[in-house]
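This report refers to the structure that appears directly beneath it.
Laboratory data are not the source of any read-out in this text; all were calculated from the coordinates shown. The shown structure was predicted, so the numbers you read here are calculated from the model rather than taken from an experiment. Positions of Cβ are generated from backbone atoms using ideal geometry, with glycine treated the same way; all protein chains shown enter the neighbour counts.
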Amino acid sequence: MLTTFDLDDYVMAAIRAGASGFLLKDAQPEDLLAAIRTVHRGDAVIAPSATRRLLSQMATTAPAAPKDATPLEALTDRERDVLSLMAKGLSNTEIGEALFVAEATVKTHVGRVLAKTGARDRVQAVIVAFETGLVSPGE
């Protein structure tokens with residue numbers, strides 16, 4: 001979904017309707033192309049501003065459940081680092097810069113995180129990170 005409106009209600013409605021992407025019309029052309037490729041690969045893309053707000057909202061409205069770290073047991077330390085940075089809304093490029101690795105390496109780690117956690121896409125992986133207590137709101 002490509003829209004002018006950066007409203008949480010629009011994002012949630014798009015996700016509920018099955019959208020795999022939510023970007024704002026002010027996105028740079030290269031970001032738009034990257035998002036199309038990402039969705040084509042089967043992953044999901046949400047505008048960074050919306051991601052941060054949604055995660056904050058989810059953290060404050062979601063009922064506190066017991067933390068089950070089982071989905072994280074198969075992850076290496078580096079994969080946990082990558083998942084943690086994904087949960088903070090960082091892009092692959094930003095994760096690479098933070099961890100001093102190439103973007104291709106980050107993509108490999110993201111793929112392994114998705115496979116090992118059973119997440120369908122980055123959004124589900126981020127939910128796993130919060131549900132397992134790997135990250136907490138406000139970090």
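Available extension along the chain between Ala102 and Lys25 is 24.9 nm, counting 0.36 nm per residue and deducting the alpha carbon span.
A Förster radius of 25 Å, combined with the Cβ-Cβ distance separating Ala115 from Ala13, puts the computed FRET efficiency at roughly 0.25.
Counting neighbouring Cβ atoms within 10 Å and putting the fewest first, the residues Phe130, Phe22 line up as Phe130, Phe22.
In order along region 84-99, the Karplus-derived 3J(HN,Hα) couplings, from 6.51 cos²θ - 1.76 cosθ + 1.60 at θ = phi - 60°, round to 4, 6, 4, 5, 8, x, 6, 7, 4, 4, 5, 5, x, 5, 5, 9 Hz, and Gly and Pro are given as x. In this structure, the amide hydrogen of Gly21, modeled 1.01 Å from its nitrogen in the peptide plane, lies closer than 5 angstrom to those of Val45, counting only residues at least 5 positions away or on a different chain. Entry note, region 70-131: relative contact order of 42 percent, from Cα contacts under 8 Å with a spacing of 6+ residues.
For an R0 of 30 angstrom, estimate the FRET efficiency from the Cβ-Cβ distance between Thr3 and Ser136 and round to the nearest 0.05. The computed FRET efficiency comes out at 0.50.
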